[in-house]
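A.B. asks: Please see the structure below; I have some questions.
We did not get these values from a lab; they are worked out from the coordinates using the rules stated. Keep in mind that what you see is a predicted model, and the values were worked out from it rather than measured. All Cβ positions, even for glycine, are placed from backbone atoms using ideal geometry, and neighbour counts span all protein chains on display.
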Amino acid sequence: MTDRNTLNKASLSKEVHLILALLNSGNPDETARQNPQLFTGLNWDLFVELNRHHRVYPYLYPRLSRMEEKVVPSNVLEQLKWQYRRNTVQMLQLSGEMGNIANQLAGINIRCLFLKGPVLGHELYGDLSQRTSRDLDFLVPIEQLEDAETLLIGLGYEKEEKFESVLGDWKWREHHSTFIHPVSKINLELHWRLGPGPAKEPAFDELWKHSRTSSHFGQNVHYLGPEDLFMFLAVHGARHAWSRLRWLHDIKMLVQGQQPPDSARLTRLLQRYNHSAVGGQTLILATELLETQIAPGLSSLMDSPKASRLAQDVLFYLPRIVNLNTPPLEPEVEQHFNRYLPSILSPGNRMLRSASFFYPYAADAKTLPLPTMLHFLYFPLRPLLWSWRKVTGVDKEN
């Protein structure tokens, strides 16, 4: 890796620096003895809140609770302990439901791949209690999507949204539906794509061919192979500006784990799907923030100037407690994110995104209702209908 990839960390707060030091430390007591200044002059309430926001408290609390050096206030440890215990209960609940859903889908011959959740807690950390999960994300073939939805509804889940669509654009513009169980309050994300379109991504059969079966949760719990998992986590993290350190810590545990990605295969995969710069960004952040040991075969990805720029950009978010999916955002954050998000796209994906503008939206059908047999006319009419909505002030595409 070249010097140009050295990140400027001046914008990071003392609280973030301490969290990073603890994530990188094999012995927090030694860290406290060697760098006592890390534990002084902190806003401990902010430290707790950042641990919660970055979702690293399940990993850090067990280590902090065993410290001999009394440098962390007892009330801070109590707050982290409460969050840790609550998360453990939630992960056990999600684990049980994950196994149930996997078995139910297998019973009607629907293949599924769990993308995150408890399976990563166990496979990456060796202990599901050391990772958080808000919901269960799993992917099914799009041709079996309707059957999977019917199954979930039969299990008592309720679908939270229905996509308005014309000419089937939901199939590639969207990538998952959300379900919630009114009794257990478990949230599910049923995917038919890894991420939102129109970006190119591996077909389900290709992902299935390289998938793994969980050694802990049973033969019906399948998850992504190492290279596919790295690409999925990297693209997901980049799309959310790496605003939670837990996503980056997952990368560290993956590349330093027992089944790390094969360097040559991963490089080819990232190139094939136009994610080389995002892969480089991910590796730069993992090495410079979390001291991750990277295989030599991946170092070329980190030498990209674009990867360096993207890595530096996301340091803006680490000291902030912000959910980029929940508007309204502060004006400064919104302005930064609106600049950042297009910058992660490759030229090819940027062209696809621009071209997708000319594919009809549901809003076009609302603006000018036409019989189904005439929906093809929305293609030539699309620029006119969009312009009309802009002029009249009704410009939301949905």
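A.B. asks: Add +1 for every Lys or Arg and -1 for every Asp or Glu among the other residues with Cβ under 13 Å from the Cβ of Asn35, and state the total. If you can, show how the numbers build up before the last one.
C.D. replies: Working: positive: Lys14, Arg33; negative: Asp29, Glu30, Glu69.
Once positives and negatives cancel, what remains is -1.
A.B. asks: Across region 127-219, how many lysine pairs separated by 8 or more positions, or lying on different chains, have Cα atoms within less than 25 Å?
C.D. replies: Lysine pair count for region 127-219: 8.
A.B. asks: Here's something else I'd like to know. May I have the extent of the alpha carbons of region 268-376 along their three principal axes, as whole Å values ordered from largest to smallest?
C.D. replies: Each principal axis gives a Cα extent; for region 268-376 these are 59, 37, 18 Å.
A.B. asks: If you don't mind, there's one more thing I want to ask. Computed FRET efficiency, Cβ-Cβ of Glu158 and Leu368, R0 30 Å: what is it to the nearest 0.05?
C.D. replies: Rounded to the nearest 0.05, the efficiency is 0.35.
A.B. asks: Listing Ser346, Ser11, Ser133 from the residue with the fewest other Cβ atoms within 10 Å to the one with the most, what is the order?
C.D. replies: If I rank by nearby Cβ atoms, fewest first, I get Ser11, Ser346, Ser133.
A.B. asks: Something else now. What does the charge count near Asp137 come to, summing +1 for each Lys or Arg and -1 for each Asp or Glu among other residues with Cβ under 11 Å from its Cβ?
C.D. replies: 0
A.B. asks: Which of Asp137, Asp250 comes first, and how do the rest follow, when ranked by fewest Cβ neighbours within 10 Å?
C.D. replies: The fewest-first ordering by Cβ neighbours comes to Asp137, Asp250.
A.B. asks: Counting Lys and Arg as +1 and Asp and Glu as -1, what is the net charge of the other residues whose Cβ lies under 12 Å from the Cβ of Gly121?
C.D. replies: Net charge around Gly121: +1.
A.B. asks: How would Met302, Met67 line up from fewest to most surrounding beta-carbon atoms within 10 angstrom? Before the final figure, lay out the partial values.
C.D. replies: On the way: Met302 24, Met67 16.
Going from sparsest to densest Cβ surroundings: Met67, Met302.
A.B. asks: Which one, (1) 1.05; (2) 0.93; (3) 1.44, gives Cα Rg over 2.2 N^0.38 Å as derived from the coordinates shown?
C.D. replies: (1)
A.B. asks: At most 15 other Cβ atoms within 10 Å and a DSSP loop assignment: could you name the chymotrypsin sites (Phe, Trp or Tyr not before Pro) in region 163-198 that fit? The partial results should precede the final answer.
C.D. replies: Values: sites: Phe163, Trp170, Trp172, Phe179, Trp192; in loops: Phe163, Trp192.
For chymotrypsin sites (Phe, Trp or Tyr not before Pro) across region 163-198 that sit outside H, G, I, E and B with at most 15 neighbouring Cβ atoms in 10 Å, the list reads Phe163.
A.B. asks: Which value, in Å³ per residue, describes the convex hull spanned by the Cα atoms of region 73-151? Walk me through the numbers before you get to the answer.
C.D. replies: Values: hull volume 7.1 nm³, N = 79.
With only Cα atoms used, region 73-151 gives 90 Å³ per residue.
A.B. asks: A further question on this structure: Taking Cα centroids, how far is region 55-78 from region 103-141 in Å?
C.D. replies: If you average the Cα positions of each part, the centres end up 28 Å apart.
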